[in-house]
Amino acid sequence: MGWKPASSSCGRDVRIGLIDGFVDLKHPALVGQRIQFRTFHRDSRKPGAAQHGTAMAALLVGKPVGEGFGGLLPGAELIAGNMFEIDEDGRTVGNLVAMLRALEWLISK
């Protein structure tokens, strides 16, 4: 992407809100980072896949892993909510109620 690695304290006093997919907090780029995550999918459904939400979290606040680059603001705190779920046909779908609940949660933070 062309950006230079940010210091681990870059963004230290910044809080970022993210509404996206599930975030895998065990991903090496995210372990130890300041992340609050909550999922808002329906109890009767499984949450959507973690690839996109995890990638967005890593781009924002991830630390460098191996030869890869880290996030833009690795010192920032990320407040992330999942609004995606798997429907009866096995498709990943957005849930408007989950998005609104996630937004309300982010505002409260």
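Listed values, structure above:
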read-out	value
Residue that is surrounded by 19 or more Cβ atoms within 10 Å (Cβ to Cβ), part of a loop (DSSP other than H, G, I, E, B) and among the hydrophobic types (A, V, I, L, M, F, W, C), where the choices are PHE22, PHE69	PHE22
From ARG101, ARG38, residue being farther than 14 Å from SER8 by Cβ, of a type in the set (D, E, K, R) and outside any helix (DSSP H, G or I)	ARG38
Given (1) among the charged types (D, E, K, R); (2) closer than 16 Å to ALA50 by Cβ; (3) modelled with pLDDT under 95, index of the condition LYS109 fails	(2)
Matching residues, segment 73-106, being surrounded by fewer than 18 Cβ atoms within 10 Å (Cβ to Cβ) and either in contact with a helix residue (DSSP H, G or I) (Cβ under 7 Å, 6 or more places away or on another chain) or small (Gly, Ala, Ser) (or both)	GLY90, GLY94
Residue in segment 45-52 that is outside any loop (DSSP other than H, G, I, E, B), over 28 Å from ALA6 (Cβ atoms) and either modelled with pLDDT of 95 or more or within 14 Å of the chain's Cα centre (by Cα) (or both) present	yes
Subset of segment 72-86 [assigned to a loop (DSSP other than H, G, I, E, B) and closer than 21 Å to SER108 by Cβ]	ALA76, MET83
Any pair with Cβ under 7 angstrom, 6 or more apart, that starts in segment 59-74 at a residue that is on the phi < 0 side of the Ramachandran plot and at pLDDT 90 or above and ends at one that is of a type in the set (Ser, Thr, Tyr) and in a loop (DSSP other than H, G, I, E, B)	LYS63/SER8; PRO74/SER8
Residue in segment 4-16 that is part of a loop (DSSP other than H, G, I, E, B), over 25 Å from SER108 (Cα atoms), under 17 Å from the mean Cα position of the chain (by Cα) and not charged (D, E, K, R) present	no
Residues of segment 25-35 that turn out to be among the aliphatic types (A, V, I, L, M), in a loop (DSSP other than H, G, I, E, B) and in contact (Cβ under 8 Å) with a residue 40 or more places away in the chain, as a count	1
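The values are calculated or read from the model by the stated rules, or taken from the named source; none is laboratory data. Everything quoted here is computed from the prediction, not taken from an experiment. As a convention, Cβ positions derive from the backbone with ideal geometry for all residues, glycine included, and neighbour counts pool all protein chains shown.
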